[in-house]
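The values are calculated or read from the model by the stated rules, or taken from the named source; none is laboratory data. If you're wondering where the values come from, they're calculated on a predicted model, not measured in any experiment. Here the Cβ positions follow ideal geometry from the backbone for every residue, glycine too, while neighbour counts run over all protein chains shown. The area values use the complete protein model at the heavy-atom level, side chains included, leaving out ligands, DNA and RNA. Shrake-Rupley method; radii C 1.70, N 1.55, O 1.52, S 1.80 Å.
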Amino acid sequence: MDANNLTLDDFLSRFQLLRPQVNGASLNQRQAAVLIPVVRREQPGLLLTQRSPRMRKHAGQVAFPGGAVDSTDASLIAAALREAQEEVAIPPETVEVIGVLPPVDSVTGFQVTPVVGLIPPDLHYHASEDEVAAVFEMPLAEALRLGRYHPLDIHRRGDQHRVWLSWYQHYFVWGMTAGIIRELALQIGLKP
C-alpha cells in the first residue's frame, strides 16, 4: 500500500486487520505509555509535540504526549490518556482507543507502550508550558511514508543501536518517536 493515498478508513481497517505482535520481553522494568493521537479526518493527521527546552530529559525533542505510569493509573492506556490531558489538554473521553503497538525500551530505562487513539479534528490544544513548547499536526500519510526516515547506527555502552531520523517542516523527528511512527507504518503493511 502507498502511504500517499491513505484515508482514515484505510488506516483503521489495516490497523485492525493486522494486529501488532506484542511480546513480553523487555530490558526495562519501569512502565510508561504514550498516546499516538490520530486526528479523525478523511485525510487524517498525526498530532505531535515538541518538548520544552527546560525539560531535564529529552529537552526540545519531538514526542508523543506521554510519560511514566503513576500508581493512580488503572492501566497503561489510562496513563497515556492522563499524560495527553496534562500535556496538551486532550480530554480522555474524546479519545477513541483503537489499540496498542508493541512496547519499546527507552534509553532512560522505561518500557514504553504506544497507545493508538483517534481524536476529534476540532479539539483546542493547550500546551502545558512546563512540558511542551509546541503542538503540531503532520499529515498521517506523510508521517507513515517510510522513505522519509533515515537510519543512524550508534554504539552505546557496548551495544549497537539503530536510531531513525527525519525532518518535518522545521521539526527534527528522531529516536523513539521516529521509531514508533515507523513501527506503525510497518504494522499497517506499508512497504519500506
Discussion item. What figure, in Å² to the nearest 10, do you get for the accessible area of THR177 with a 1.4 Å probe and non-protein molecules left out?
Written reply: 10 Å²
Response to the item:
Counting only DSSP beta bridges with both partners in the chain, the antiparallel fraction in percent, to the nearest 5, comes to 75 percent
Response to the item:
Carbon plus sulfur, as percent of the 1.4 Å-probe accessible area of the stretch 80-139, comes to 53 percent
Fill in: Stokes-Einstein D in µm²/s, Kirkwood radius over Cα pairs - the stretch 87-192 at 25 °C with 0.890 mPa s viscosity
157 µm²/s
Fill in: Residue among VAL39, ALA185, GLN50 farthest towards the positive dipole end of the chain, charges placed on Cβ
ALA185
Discussion item. Among (1) -0.30, -0.55, -1.04, -1.55; (2) -0.32, -0.55, -0.94, -1.24; (3) -0.52, -0.79, -1.11, -1.32, only one was calculated for this model; which label is it, if the read-out is log10 I(q)/I(0) by the Debye sum over Cα atoms at q = 0.09, 0.12, 0.16, 0.19 Å⁻¹?
Written reply: (1)
Worksheet item: When the dipole is taken about the Cα centre of the stretch 52-167, and only Lys, Arg (+1) and Asp, Glu (-1) are charged at their Cβ, what size is it in debye, to the nearest 20?
Response: 640 debye
Worksheet, complete the sentence: From DSSP H assignment alone, runs of 4+ in the chain each adding -39500 (n - 2.57), the sum over residues rounded to the nearest 500 puts [θ] at 222 nm at -6000 deg cm²/dmol
Worksheet entry | the stretch 47-192 - accessible surface per residue (Å², probe 1.4 Å) | 49 Å²
Worksheet entry | Under the Karplus curve 6.51 cos²θ - 1.76 cosθ + 1.60, θ = phi - 60°, whole-Hz ³J(HN,Hα) for the stretch 170-183, x wherever Gly or Pro sits | 9, 9, 9, 9, 7, x, 4, 4, 4, x, 5, 4, 4, 4
